[in-house]
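**Student:** The structure is given below, and queries will be raised subsequently.
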Amino acid sequence: MPASVPAKKPAASAAQQAMHKLGLVRDIDLALHLPLRYEDETRIIPLKNARDGETVQIEATVTQSEVQLRPRRMLKVTVDDGTGTCVLTFFSFYPSHQKTLSPGAVLRIRGEVKGGFWGRQMLHPAFKLAGGELPQALTPIYPTTAGLPQPYLRRAIASALQRVQLPETLPPGTPPPVLPYWSEAGLHGLLGLREALYFLHNPTPDVALATLEDHSHPAWQRLKAEELLAQQLSQYQAKRERARLRAPALRVPPPAAGEQSLVEQFLAVLPFGLTGAQQRVCREIADDMARTMPMHRLLQGDVGSGKTVVAALSAMVCIAAGWQCALMAPTEILAEQHFGKLVGWLEPILEPLGKKVAWLSGAQKKKERAAMLALVASGEAALVVGTHAVIQEQVQFHNLALAVIDEQHRFGVAQRLALRQKLAHAGLEPHLLMMSATPIPRTLAMSYYADLDVSVIDELPPGRTPIVTKVISDSRKDEVIARIGAQVAAGRQVYWVCPLIEESEALDLSNATATHTDLSEALPGVMVGLLHSRMPTAEKKAVMELFTAGIMGVLVSTTVIEVGVDVPNASLMVIEHAERFGLSQLHQLRGRVGRGAAASACVLLYAVNDNGRLSDTGKERLRAMAETNDGFEIARRDLEIRGPGEFLGARQSGAAMLRFADLEQDIALLEWARELAPSMLEQHPLLAEMHISRWLGGKAEYLKA
Ligand code: ADP
Ligand code: MG
């Protein structure tokens, strides 16, 4: 037999493969695969009691069965259960169906009753010959996938549930979560896990279905509490592991008499004084870095709150202590801009010491790159700024002690993991400072970032006038363009962001190009530039330079300017098709203006749909943008509208997404888990280990990134 002919796989393994794809490998995985909903097959309903729109199970005799050809081919079957009749309609059917549905047959039928003009009807109901006992429990309907039929999955889960070991992992004497006193779980505490799982897979028909659907039933509470606990445990475990690692303790040596320390020199060079909030977070960071436990700190601050200078000052502390610092940004433009700023601030101080700021990017010429790599390896580069290129393999640091990641949410979990592995060397880990303008609501911070310490800049630099946001229909585009003309005439600059077209980068581009042409024509004498992600780096750089220098009046761009770009003279931001953007993204975009003292505005242009209206959620979202400039408030509303899964994005949440618990609703359970996790790790490490592995299996490693 030729080797290239693959052996034919037995059919059972297709379903098994599908199960693997769903992550259903161990018995416990199957046991934790919970139903989406249930069907009640425990009761037979007399037809006369079946209400319009209700899904019911009936038992009835076929009185008539015929195939009609008009208006299309269908099988019409009339059944009678002694209390009433019902017509079953099938558009697709096999001869075997026809046989089962022949007159005289007594059937058990399940479907949605419609009471139309012609009497009761059911479309494509499920049916089988009557007889056999009625099930005692509701029938679970599981989430499944192609190639994995419901009955197969049901059997697999039922038998896994028989085999699976479910030892209690909650330490004896664990206090129950404080739940509302009116809820069952609040009254009686948590169910046992075994009890809860059995119930959720086979609930008794007397249960209030609503409590299963909204996950408020005590069995659900137990599952959600378990899940949150597993997640908290793994986070705390990661933190404890980190506590065992060593990092260089970074302390600024006292300056010689009559001289300033490097940090003092830096503050003297800065064209402004730090805000109170900036001073506070700088202290928090410096305190962390002075310890031998590696820092793992998230610096949160709204757009424009001035995180860059905090990063620069932290870098200065590190450099003054005699170590190297790296700063990584997600895009070329942003990294470039940081580089420019940091060179301006730091080089005057570093130069006399014979130190430099190095630049690393993927787009760099080979020769330049080699020179930069040499600077980094020798330690002559005290600070290394760049894109992902900073963590690439060829990069050898001399003595890296601090890594700053700007807009950390833009980096994937895997990248963060790679970063930490890459940077640890000679037994020493670097300190890690992650910065984000996407404010993470408290519940998310508590759960996903339990391993992180968080510093918050809650104050904007002085002298900013709040951005006025207007929501305007794009039928009034001409007025907006006129306003642009006025702004540019007054010496200000304008961003025009083109719609996001998710399906197609090419469309994105053609859109931006067309807008660029339109605006150039409508605004004679104004330099209108174009920026998009597929432009060669050198061109992007040239455009950014013209805009930064104030020569270019209007910058048309796709969303590449979203993060971090800082041109304080820009005072008007127009976002086309604003209804297509997420709230946090709009907030980021809007944050490109209002960076100087001038009054700034953001115009959200929306397009109406075919019937001349913007959808309700669309309106609600844009209204939220107009109502507040507060990034935290916006994040909260975003969370409300989109839910945490989408808010975090698959990248950010990694494999850690909660399956059952809802961070908004289950805050009491989250608090409980948070309280319990550290003491459980301390006093019952084996139980903690069992608990983590039950829930996270092989995923725990991933969560640490
Ligand atoms: P973000 O937090 O969004 O990264 P940036 O670091 O880009 O914000 O800072 C926004 C702008 O505010 C920059 O132009 C920066 O130079 C300026 N800035 C930062 N801190 C202060 C301050 N304390 N006083 C005045 N301007 C400041
Ligand atoms: Mg920034």
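**Student:** Please state the relative contact order of segment 43-129 as a whole percent: Cα pairs under 8 Å, 6+ residues apart? Walk me through the numbers on the way to the answer.
**Tutor:** Numbers: 197 pairs, mean separation 27.9, N = 87.
Result for segment 43-129 is 32 percent.
**Student:** A further question follows. Accessible area, 1.4 Å probe, largest first: how do R464, R108, R43, R194 sort? Walk me through the numbers on the way to the answer.
**Tutor:** Values: R464 70, R108 20, R43 135, R194 100 Å².
The ranking, largest first, comes out as R43, R194, R464, R108.
**Student:** If you don't mind, there's one more thing I want to ask. Out of segment 92-141, which chymotrypsin sites (Phe, Trp or Tyr not before Pro) are coil in DSSP terms and have no more than 14 other C-beta atoms within 10 Å?
**Tutor:** On the way: sites: F93, F117, W118, F127; in loops: F93, F117, W118.
Qualifying residues, ordered by number: F117, W118.
**Student:** Report the gain in length on full extension from E664 to A256: 0.36 nm times residue separation, minus Cα-Cα distance, nm rounded to one decimal.
**Tutor:** Working: separation 408, 0.36 × 408 = 146.88 nm, distance 5.41 nm.
Going from the current span to full extension adds 141.5 nm.
**Student:** What ³J(HN,Hα) values, in whole Hz, does the Karplus curve 6.51 cos²θ - 1.76 cosθ + 1.60 give for segment 135-152 when θ = phi - 60°, with x put for Gly and Pro?
**Tutor:** Values per residue, Gly and Pro as x: x, 8, 10, 5, 8, x, 10, 9, x, 9, 9, 4, x, 10, x, 3, x, 4 Hz.
**Student:** I would also like to ask the following. At 1.4 Å probe size, with no ligands or nucleic acids counted, give the accessible surface of H398 in Å², nearest ten.
**Tutor:** For H398, solvent-accessible area is about 100 Å².
**Student:** Once a ≥ b ≥ c are taken as the square roots of the eigenvalues of the Cα gyration tensor of segment 312-385, is the result rounded (a/c under 1.5), prolate (a/b larger than b/c) or oblate (a/b not larger than b/c)?
**Tutor:** Because a/c hits 1.5 or more and a/b fails to exceed b/c, segment 312-385 counts as oblate.
**Student:** Let me ask another. With all protein chains present and a 1.4 Å probe, how do D214, D288 order by accessible area, largest first?
**Tutor:** I get D214, D288, largest accessible area first.
**Student:** Order H296, H215 by their accessible area, 1.4 angstrom probe, all chains in place, largest first.
**Tutor:** Order by accessible area, largest first: H215, H296.
**Student:** Quick one: which of 246-252, 256-262 comes out on top by average Cβ neighbours within 10 Å, and what's the full order, highest first?
**Tutor:** Highest-to-lowest ranking by the protection proxy: 246-252, 256-262.
The values are calculated or read from the model by the stated rules, or taken from the named source; none is laboratory data. Because the structure is predicted, anything quoted here is derived from the model rather than measured. Counting neighbours? That spans all protein chains shown, and the Cβs are built from the backbone with ideal geometry, glycine included. Heavy atoms of the whole protein, side chains included, go into the accessibility calculation; ligands, DNA and RNA do not. Shrake-Rupley method; radii C 1.70, N 1.55, O 1.52, S 1.80 Å.
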